[in-house]
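The structure appears right after this line, and notes come after that.
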Amino acid sequence: MTDMKFDQTTISNAVHTKWAGKTVHFAKEVDSTNEWAKKLGKEGAVHGTLAVAEFQSAGKGRLGRRWTAPPGSSIMMTILVRPDFEPQYAPMLTIVMGLSVAQAAQEMGVDTSIKWPNDVVVSRKKICGILTEMSMEENKIRYVVIGVGINVNLEELPEELADKGTSLYLETGKKYDRNMMLASVMEHFEKNYERFVKTCDLSLLQEEYNDMLANYEQPVRILDPLNPYEGIAHGINRKGELIVEKQDGTKVCVSAGEVSVRGLYSYV
Ligand code: BTN
């Protein structure tokens, strides 16, 4: 299965959507598919354009970190969208994509959940990272690129990532067709995106998201640097904030990006 072809033709043949991933650019190697998609965006790439690479020489993670994966092991891709909505709603697209990846992995038969806000986890370890970047012009969105790295057939992880990260292969012992997985992510993303833009919030996706939330109705620890606290996670609201009920009964809406949330005894 690892030898299964993964290129522009096999991807295009697998994707059956209206716009998400309809135009596919594939490269054996790029610096970063996010950088590539931004370049395509400047050149006028259409809504739904997808840039995929077998290897990234300068893959980017959140908070200035690097994202690396050996060729043949992963899905590294970036979808470009051109939404009409106001820029303030764009960060929620990361959650829309996280849900889409989780649904695709679930569909491949893997027991998958989400660690708020957008870590897709299998056996309490992360299989996917998402990096969303936006380009604006006169206070309007020019395009948004959503970069996704999914550890599909990765056979080992660098030691420093092994306690928090894993791959579908490491958890199930099976190798997966990356074309199928990518296509399934595109199908779910298209459906979820169309529901998102109806309201510019997550109200139409909230229930499905909360159904997959790893810590739903469970105790969590909010790692607020000044004032860490514990509470019960009641799922996300329509803005994607995590509703946490503190021990004294008060409810707090925690915004993504501000603090980290953990299970009481582990990363999830
Ligand atoms: C994270 O830190 O969790 C986000 C990682 C995002 C990695 C993906 S791989 C494809 C795309 N291109 C990049 O350079 N980064 C994203």
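The values are calculated or read from the model by the stated rules, or taken from the named source; none is laboratory data. The structure presented is a predicted model; accordingly, all values stated were derived computationally and were not measured. Glycine gets a Cβ as well: all are built from the backbone with ideal geometry, and neighbour counts include every protein chain shown. Ligands, DNA and RNA are stripped out before the accessible areas are found, and what is left, the full protein with its side chains, is counted by its heavy atoms. Shrake-Rupley method; radii C 1.70, N 1.55, O 1.52, S 1.80 Å.
Does any residue of the stretch 144-158 turn out to be closer than 20 Å to Ala51 by Cα and open to solvent by 40 Å² or more (accessible area, probe 1.4 Å)?
No, there is no match, as no residue in the stretch 144-158 is closer than 20 Å to Ala51 by Cα and open to solvent by 40 Å² or more (accessible area, probe 1.4 Å).
Which of (1) near the ligand (Cβ under 9 Å from one of its atoms); (2) under 23 Å from Glu187 (Cβ atoms) is the odd one out, the single condition Arg65 does not satisfy?
Every listed condition holds for Arg65 apart from (2).
Quick one: count up the residues across the stretch 210-255 that are more than 10 Å from Trp116 (Cβ to Cβ) and of a type in the set (Gly, Ala, Ser).
The number of residues fulfilling the criteria is 3.
Across the stretch 26-73, what is the number of residues that are in a strand (DSSP E or B) and within 30 Å of Asp84 (Cα to Cα)? Lay out the reasoning, then the answer.
Here is the first cut: in the stretch 26-73, the residues in a strand (DSSP E or B) are 26-27, 30, 50-53, 56, 60, 66.
If we keep only those that are within 30 Å of Asp84 (Cα to Cα) too, we end up with 26-27, 30, 50-53, 60.
Residues in the stretch 26-73 being in a strand (DSSP E or B) and within 30 Å of Asp84 (Cα to Cα): 8 in total.
Only one of Asp224, Asp211 is charged (D, E, K, R) and open to solvent by 70 Å² or more (accessible area, probe 1.4 Å). Can you tell me which?
None of the other options fit; the residue is Asp211.
Just to be sure I understand, how many residues within the stretch 121-141 are of a type outside the set (Gly, Ala, Ser) and within 10 Å of the ligand (Cβ to nearest atom)? It would help to see each step written out before you state the result.
First, the residues of the stretch 121-141 that are of a type outside the set (Gly, Ala, Ser): 121-122, 124-128, 130-134, 136-141.
After this cut, where a residue has to be within 10 Å of the ligand (Cβ to nearest atom) as well, the list is 126, 128, 130-133.
Of the residues in that region, 6 qualify.
With (1) in a strand (DSSP E or B); (2) closer than 27 Å to Tyr216 by Cβ; (3) within 15 Å of the ligand (Cβ to nearest atom) as the list, and Met76 as the residue in question, which single condition is left unmet?
Result: Met76 passes all but (2).
Looking at the stretch 253-268, which of the residues that are in a strand (DSSP E or B) and open to solvent by 30 Å² or more (accessible area, probe 1.4 Å) is nearest to Thr199 (Cα to Cα)?
Once the filter is applied, the top-ranked residue is Cys253.
State all residues of the stretch 48-62 that are at pLDDT 95 or above and either more than 8 Å from the ligand (Cβ to nearest atom) or open to solvent by 20 Å² or more (accessible area, probe 1.4 Å) (or both); if no residue qualifies, say none.
Listed by number, the residues that qualify are Gly48, Thr49, Leu50, Ala51, Val52, Glu54, Phe55, Ser57, Ala58, Lys60.
Return a yes/no flag: does the stretch 231-252 have any residue that is open to solvent by less than 40 Å² (accessible area, probe 1.4 Å), of a type in the set (Asp, Glu) and in a loop (DSSP other than H, G, I, E, B).
Yes, there is a match, as at least one residue in the stretch 231-252 is open to solvent by less than 40 Å² (accessible area, probe 1.4 Å), of a type in the set (Asp, Glu) and in a loop (DSSP other than H, G, I, E, B).
Regarding the stretch 103-110, can at least one residue be identified that is part of a loop (DSSP other than H, G, I, E, B), surrounded by fewer than 20 Cβ atoms within 10 Å (Cβ to Cβ) and within 15 Å of the ligand (Cβ to nearest atom)?
No, the stretch 103-110 contains no residue that is part of a loop (DSSP other than H, G, I, E, B), surrounded by fewer than 20 Cβ atoms within 10 Å (Cβ to Cβ) and within 15 Å of the ligand (Cβ to nearest atom).
Quick one: would you say Val145 is of a type in the set (A, V, I, L, M), in contact with a helix residue (DSSP H, G or I) (Cβ under 9 Å, 6 or more places away or on another chain) and within 25 Å of Arg221 (Cβ to Cβ)?
It is false that Val145 is of a type in the set (A, V, I, L, M), in contact with a helix residue (DSSP H, G or I) (Cβ under 9 Å, 6 or more places away or on another chain) and within 25 Å of Arg221 (Cβ to Cβ).
Would you mind stating whether Ser135 is at pLDDT 95 or above and either open to solvent by 10 Å² or more (accessible area, probe 1.4 Å) or out of contact with any strand residue (DSSP E or B) (no Cβ under 7 Å at 6 or more places or on another chain) (or both)?
The answer is yes for Ser135.
Go through the stretch 182-192 and give me each residue that's out of contact with any Lys or Arg (no Cβ under 8 Å at 6 or more places or on another chain) and within 19 Å of Cys128 (Cα to Cα). It would help to see each step written out before you state the result.
Of the residues in the stretch 182-192, the ones out of contact with any Lys or Arg (no Cβ under 8 Å at 6 or more places or on another chain) are 182-189, 191-192.
Matches in the stretch 182-192: Leu182, Ala183, Ser184, Val185, Met186, Glu187, His188, Phe189, Asn192.
Condition (residue is exposed (fewer than 14 other Cβ atoms within 10 Å of the Cβ) and either of a type in the set (Val, Ile, Thr) or within 16 Å of the ligand (Cβ to nearest atom) (or both)) applied to the stretch 3-11: is it met by at least one residue? If you could, list the steps in order and put the result at the bottom.
Looking only at the stretch 3-11, we keep the residues that are exposed (fewer than 14 other Cβ atoms within 10 Å of the Cβ), and these are 3, 5, 8-9.
After this cut, where a residue has to be either of a type in the set (Val, Ile, Thr) or within 16 Å of the ligand (Cβ to nearest atom) (or both) as well, the list is 9.
Yes.
For Pro91, all conditions in the list (1) touching a residue at least 24 places away in the same chain (Cβ under 8 Å); (2) over 15 Å from the mean Cα position of the chain (by Cα) hold save one; what is the number of the exception?
Here Pro91 meets the rest and fails (2).
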